[in-house]
Amino acid sequence: MAASETWPAEMAALRPLLLERGLGEQVKWRKPCYDLDGANLAIMQEMKGFLALMFFKGALLDDPDSLLRSQGANSRSAKRLEFTSVAEIEAATQAIGDLIDRAIAVEEAGLEIPPAPELELVAELQDRLDADPALRAAFDQLTPGRQREYHLQISSAKKAETRVARVDKYVPKILAGKGFRDR
């Protein structure tokens with residue numbers, strides 16, 4: 001937090017709300033992370049336009065004030081609060097505390113995000129995997145998240161020929177056991 005150049009005051013305003021509830025504090029992924037008995041509960045994320053307090057199991061939290069925002073269109077579990085000033089945090093202190101308490105209750109109850117539905121691959125990728133056993137084996141060895149990234153990247157093309165070209169482009173990376181974003 002001391003190294004923050006963008007949101008140090010906002011981070012300092014959020015921190016006591018987390019610590020006063022007995023959460024542990026560590027630096028993970030170079031960010032302040034808060035846990036309950038070793039289970040990650042929330043993390044502060046400095047973004048360009050705001051400071052986020054992201055709840056790892058945010059999708060399971062009751063949010064009567066509709067304060068939580070989705071991480072993105074393909075995010076299933078994490079949700080976040082977004083702040084641009086200490087005044088915003090101070091005005092929402094009670095609601096923030098209530099959400100932290102709900103996150104603690106979710107963790108103590110042992111609730112888990114349900115598994116993702118089985119990925120139905122875009123036809124061009126599925127056809128190529130069906131035709132190439134080595135590619136199928138390499139794809140199956142990728143983590144579910146990496147498989148999903150390839151599917152999303154390939155399926156986002158509007159034209160079939162573009163989807164086929166993308167499959168061709170990524171075959172070497174898949175065979176090398178690399179994810180879409182890996183170098």
What tally of residues in segment 143-170 results from selecting those that are open to solvent by 60 Å² or more (accessible area, probe 1.4 Å), over 14 Å from Leu121 (Cβ atoms) and either in contact with a Ser or Thr (Cβ under 9 Å, 6 or more places away or on another chain) or at pLDDT 95 or above (or both)?
5
Based on what the data block shows, is Asp127 of a type in the set (D, E, K, R) and part of a loop (DSSP other than H, G, I, E, B)?
no
Tell me, please, whether a residue that is open to solvent by 40 Å² or more (accessible area, probe 1.4 Å), within 30 Å of Pro172 (Cβ to Cβ) and at pLDDT 95 or above can be found in segment 101-123.
yes
Pull out all pairs, ordered by first then second residue, where Cβ-Cβ is under 9 Å, the residues are six or more apart or on different chains, the first lies in segment 61-88 and is without any contact (Cβ under 8 Å) to a residue 40 or more places away in the chain and outside any helix (DSSP H, G or I), and the second is open to solvent by 80 Å² or more (accessible area, probe 1.4 Å) and of a type in the set (D, E, K, R).
Lys79/Arg69; Arg80/Arg69; Leu81/Arg69; Glu82/Arg69
Assuming Leu121 fulfils every condition listed in (1) part of a helix (DSSP H, G or I); (2) of a type in the set (A, V, I, L, M); (3) more than 18 Å from the chain's Cα centre (by Cα); (4) under 30 Å from Ala157 (Cβ atoms) apart from one, which condition is it?
(1)
State whether the residues of segment 68-87 include one that is under 20 Å from the mean Cα position of the chain (by Cα) and of a type in the set (Val, Ile, Thr).
no
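The values are calculated or read from the model by the stated rules, or taken from the named source; none is laboratory data. The model shown is predicted, which means the values in this text are computed figures rather than measured ones. Neighbour counts are summed over all protein chains in view; Cβ atoms, including those assigned to glycine, are modelled from backbone coordinates with ideal geometry. For the accessible areas, the whole protein counts, side chains as well, though only heavy atoms, and no ligand, DNA or RNA atoms are used. Shrake-Rupley method; radii C 1.70, N 1.55, O 1.52, S 1.80 Å.
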